[in-house]
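S.K.: This is the structure I have questions about; it appears just below.
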Amino acid sequence: MSDECPQPLPEPLASIAKIIYETGDHSVTDRNRPYNGQPQTDEGERGKTLVAGLTFRDVCDCYVLGFLMATGRSALAESGTATYNDVYEAAKVDPNFDPLAVMQNMSCEMERRMGIFPNLPPLPFLEDLE
């Protein structure tokens with residue numbers, strides 16, 4: 001992965017983004033790469049969760065809902081009337097959508113269907129309060 005952000009950011013945001021999004025030199029096709037991202041992300045502890053109880057159609061449905069949410073169409077996604085064809089219109093209306101937002105929203109939808117949303121590891125500072 002490149003050390004540069006996809007879009008130029010002013011400092012200190014660029015430094016923060018590098019820390020947040022850096023996953024090392026591991027390819028996304030390397031299934032043995034470490035889960036060394038932030039704990040609440042798919043690259044961190046949350047990403048270790050196995051998908052259970054979903055069909056491939058469920059996963060595709062979650063993609064459509066995640067796509068609609070990432071393109072500002074949350075109301076349609078939540079209406080229960082969205083179809084696969086709605087992604088084409090959403091992409092036309094918002095051609096500059098964030099593809100990582102699609103993935104993040106899709107993951108949340110999958111967790112909802114699995115009954116584990118929000119699937120967040122405990123934060124260390126909260127454990128210290130107990």
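S.K.: What single numbered condition from (1) of a type in the set (Asp, Glu); (2) closer than 17 Å to LEU50 by Cβ; (3) surrounded by fewer than 20 Cβ atoms within 10 Å (Cβ to Cβ) fails to hold for GLU109?
M.R.: It fails just one condition, (3).
S.K.: Would you confirm whether any residue within region 77-94 is over 19 Å from the mean Cα position of the chain (by Cα), at pLDDT 95 or above, in a helix (DSSP H, G or I) and of a type in the set (S, T, N, Q)?
M.R.: yes
S.K.: What tally of residues in region 112-129 results from selecting those that are modelled with pLDDT of 75 or more, farther than 17 Å from GLN38 by Cβ and either exposed (fewer than 12 other Cβ atoms within 10 Å of the Cβ) or basic (Lys, Arg) (or both)?
M.R.: Residues that pass the stated criteria total 3.
S.K.: How do the pairs read when you match residues in region 52-76 that are under 13 Å from ASP98 (Cα atoms) and surrounded by fewer than 20 Cβ atoms within 10 Å (Cβ to Cβ) with residues anywhere that are modelled with pLDDT of 95 or more and charged (D, E, K, R), using Cβ under 6 Å and keeping only pairs 6 or more apart or on different chains?
M.R.: Taking only residues 6 or more apart or on different chains, not a single pair turns up.
S.K.: Just checking, does region 87-94 include any residue being more than 21 Å from VAL28 (Cα to Cα), surrounded by 17 or more Cβ atoms within 10 Å (Cβ to Cβ) and of a type in the set (D, E, K, R)?
M.R.: No, the conditions are met nowhere in region 87-94.
S.K.: Something else now. I'd like to verify a number: residues in region 39-51 that are surrounded by 14 or more Cβ atoms within 10 Å (Cβ to Cβ) and either without any contact (Cβ under 8 Å) to a residue 40 or more places away in the chain or assigned to a loop (DSSP other than H, G, I, E, B) (or both), how many?
M.R.: 8
The values are calculated or read from the model by the stated rules, or taken from the named source; none is laboratory data. Just so it is clear, the structure is predicted and the values come from calculations on it, not from any experiment. Reconstructed Cβ throughout: ideal geometry from the backbone, glycine too, with neighbour counts over all protein chains shown.
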